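Undergrad: Submitted below is the structure of interest, expressed as structure tokens.
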Amino acid sequence: MFSQLLASFRLLSRCAVYPPPRTLLSSRTLLLSGTLSSSGTVPPPRPRPSPGGMWRAAVRCLPGEAKLTISFVLDGSHKHMLRDQDEELGRVLSRIAHSIAKGQGRAKKSKKNRAQEAAEGAELTTVKLYHNGAEVPEEAPNVEAWQDGAELHIGELRYAVHRNAPTFTAASLPASLMAGFPVCPRVELEFGQLEDCLFTWFKETSSTSSPEAGGDPRAQEEAWAAAGSGRVYVPSAPDIGSRLKLLCVPQDGARAGPPRQLVSTARVEAGPGTCTCDNRHVYTPREAGEGRARVVSYNILADVYAQTELSRTVLYPYCPPYALTLDYRQNLLKKELAGYHAHFLCLQEVDKGVFLDSLGPALDAFGLDGVFRIKEKQHEGLATFYRRVVSLFQDLVVASRTLCVANTHLYWHPKGGNVRLVQISVALAHLDHVIRSQAPGAALIFCGDFNSSPNSGVYQLLSTSRVPASHPDWISGGPEESCPLDLHSPLPSMLSACGEPAYTNYVGGFHGVLDYIFLEPSRMEVDQVIPLPSHQEVTCHQALPSVAHPSDHIALVCDLSWRQ
């Protein structure tokens, strides 16, 4: 049960219980030798010295680690050195000098010349390190020698040392791009802040800009036109057929690190036309007004279930295979979720990779932090996102007004009513404990896919705080599994904020209400329920999911406020 129930958390204007996913710090070392990957990551243009003639040497050195790394470019080649922190500086400088001599020896075309040079002894290039104008002693340990602002001199070349500079340790663009749907890179940042980083978008204007194409490099640069800035870019119809390029500059305040350049492997494609969320977004053009919270509960259909043979041939045979792919559905999901401008997004059936690589980075760019809990022995779980700037969840006048948000996904089997009753009973007891111990008196919003209809025992327990032992759900699994209990909820009776719509799940062989947003009516009230898609919209492509809708469920969206 606890693997299915997202631990409740208390949101205050000044703190959050869980660390946000935007702190995507990685202990991995940045390899400066760029290679083309499946994500279309390419190295930036060949490094050049700054206008002052200084090149760049990046040093990564963290307390508690035995090694540090030194990276720089020499003779057009990326050098990457992994050295002990307590090693003497002189050994590193000598290693650089001998490496240069060795490289020069390889460049000799004549074996005779190489043999003669070896016999005479090659003259080593002078390599020194300076800090504040003074030469750093060669006996100084690396951890003390390689300071930010130091200068590495290799012959006549000069390198400015940047220690622990803001660095992207990973960066990639989505594999699928569609006009009208937001594009956001997945980035992992070290020693910097994502909100400080600079993102500049370009769109392809000529096929000669392909990395495989030859020709004048200047012509290739001119084949890209500036398209926008910021972490999110929404391609438009004129972008169809073009690839996208993104220049990312990592920063920590005004302190910048080495840029990364990303080029999409895919070209922008046309979108599916009108989506089921488009008309709903008319009601949510911006965040809910002051003193209100917009809440979304949505089972987004895990990829692990959408790609099974059963799904393709039995559950969703009406849905084109391409519309069931994760890349396609992620485009629809990002657009839909971003367009609700919610304070809380309670999502079910979230693949771990989707949270880390897709939804997490995208929603972070839209101002939402999130937490994820995976089910035991499963590849999917629950994700709850919350807007970083919220002040109404602890009232500045009435300090007792705090809010607890919970998210769950109960057992799915049609004959599992008895199991779901046990699950919800444990969940309510746990929530009561969390509220009493963490935020006494907090109001509860309980979202999720409860896999329960309005006449179920689960719904009755939540709405009336009691389920008798005589309820038929106790024998839903057959007489041999009967376990009748007289259940009482430790929490007050709750109300379904979105009422009882005709359905929240609509597939070829079933439709019904399974999803809810429950609230305490004595503490909060419903200001607005965002209308669900019309039946015509839902059945336009027979059933869900479809080319216009990414899941077999429909998101519930409502605006709530404190009851006066």
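Undergrad: If the only charges are +1 at each Lys and Arg Cβ and -1 at each Asp and Glu Cβ, what is the size of the charge dipole of the stretch 299-396 around the Cα centre, to the nearest 20 debye?
TA: Charge dipole, the stretch 299-396, about its Cα centre: 60 debye, nearest 20.
Undergrad: Could you put E481, E123 in order of accessible surface area, largest first, with the 1.4 Å probe and the full protein assembly present?
TA: The ranking, largest first, comes out as E123, E481.
Undergrad: With θ set to phi - 60°, apply the Karplus curve 6.51 cos²θ - 1.76 cosθ + 1.60 along the stretch 424-441 and write out the HN-Hα couplings as whole Hz, x wherever there is a Gly or Pro.
TA: 5, 5, 5, 4, 5, 5, 5, 5, 4, 5, 4, 5, 5, 8, 9, 8, x, x
Undergrad: What does the net charge come to around D252 if you take all other residues with beta carbon closer than 11 Å to its beta carbon, with K and R at +1 and D and E at -1?
TA: Here the count lands on -2.
Undergrad: If you don't mind, another one. What residues have an amide H closer than 5 Å to that of A140, excluding those fewer than 5 places away on the same chain, when H is modeled at 1.01 Å from N in the peptide plane?
TA: Here L89, G90 satisfy the definition.
Undergrad: Sticking with this structure for a sec: What ³J(HN,Hα) values, in whole Hz, does the Karplus curve 6.51 cos²θ - 1.76 cosθ + 1.60 give for the stretch 532-546 when θ = phi - 60°, with x put for Gly and Pro?
TA: Running phi through 6.51 cos²θ - 1.76 cosθ + 1.60 with θ = phi - 60° gives 6, x, 5, 4, 5, 5, 5, 9, 4, 10, 5, 7, 10, x, 8 Hz.
Undergrad: If you count, for each residue, the other Cβ atoms within 10 Å and average over each peptide, how do 242-251, 192-201 line up from highest to lowest?
TA: Averaged packing, sorted descending, gives the order 242-251, 192-201.
Undergrad: At a 1.4 Å probe radius, carbon and sulfur cover how many percent of the accessible area of the stretch 427-533?
TA: Within the stretch 427-533, the accessible surface is 55 percent carbon and sulfur.
Undergrad: Sticking with this one: Can you work out the FRET efficiency for the pair R91 and H535, with r the C-beta to C-beta distance and R0 = 56 Å, to the nearest 0.05?
TA: In this case the efficiency is close to 0.15.
Undergrad: Over the stretch 224-355, what percent of the accessible surface lies on carbon and sulfur atoms, probe 1.4 Å?
TA: Carbon plus sulfur share of accessible area: 55 percent.
Undergrad: Just going by the charge dipole of the stretch 214-341, with Lys and Arg at +1 and Asp and Glu at -1 on Cβ, which of Y316, G273, L333 is farthest out on the positive end?
TA: My answer, from the dipole projection, is L333.
Undergrad: Can I ask one more? State the dimensionless ratio Rg/Rh of the stretch 357-508 (Rg: radius of gyration of Cα atoms; Rh: Kirkwood radius).
TA: That ratio equals 1.00.
Undergrad: Taking 0.36 nm per residue of separation and subtracting the Cα-Cα distance, what length does fully extending T464 through A66 add?
TA: Numbers: separation 398, 0.36 × 398 = 143.28 nm, distance 6.04 nm.
Gain on stretching T464 to A66: 137.2 nm.
Undergrad: Around G512, which amide H atoms from residues at least 5 apart in sequence, or from another chain, sit under 5 Å from its own amide H, with H modelled in the peptide plane?
TA: For G512, whose amide H was placed from the backbone, the distant partners under 5 Å are T504, N505.
Undergrad: May I pose another question? I'd like to compare 293-300, 350-357: which one has the highest average count of other Cβ atoms within 10 Å, and what's the full order after that?
TA: My ranking of the peptides, most packed first, is 293-300, 350-357.
Undergrad: Among 410-419, 329-338, how do they line up from the highest to the lowest mean number of other beta-carbon atoms within 10 Å?
TA: 329-338, 410-419
Undergrad: With every protein chain kept in place and ligands, DNA and RNA left out, what is the accessible area per residue of the stretch 353-503? Probe 1.4 Å, answer in Å².
TA: With all protein chains present, the stretch 353-503 gives 42 Å² per residue.
Undergrad: For the stretch 416-423, take each phi angle, set θ = phi - 60°, evaluate the Karplus expression 6.51 cos²θ - 1.76 cosθ + 1.60, and give the result in whole Hz per residue in order, putting x for glycine and proline.
TA: Taking θ as phi minus 60°, the curve returns x, x, 5, 5, 5, 5, 5, 4 Hz for the stretch 416-423.
Undergrad: If you average the C-alpha positions of the stretch 70-105 and of the stretch 496-554 separately, how far apart do those two centres end up, in angstrom?
TA: What the calculation gives is 62 Å, centre to centre.
Undergrad: Can you list residues whose amide H is under 5 Å from C447's amide H, if they're 5+ apart or on another chain and H is modeled 1.01 Å from N?
TA: A406, N407, T408, F518
Undergrad: Please give the per residue accessible area of the stretch 508-551, computed with a probe of 1.4 Å over protein heavy atoms only, in Å². Let's see the in-between values first.
TA: Details: 1740 Å² over 44 residues.
Each residue of the stretch 508-551 exposes 40 Å² on average to a 1.4 Å probe.
The values are calculated or read from the model by the stated rules, or taken from the named source; none is laboratory data. All values reported here derive from a predicted model rather than from experimental measurement. Heads up, the Cβs are rebuilt from the backbone with ideal geometry, glycines too, and the neighbour counts pull from every protein chain shown. Heads up: the accessible areas ignore ligands, DNA and RNA and are worked out on the full protein's heavy atoms, side chains in. Shrake-Rupley method; radii C 1.70, N 1.55, O 1.52, S 1.80 Å.
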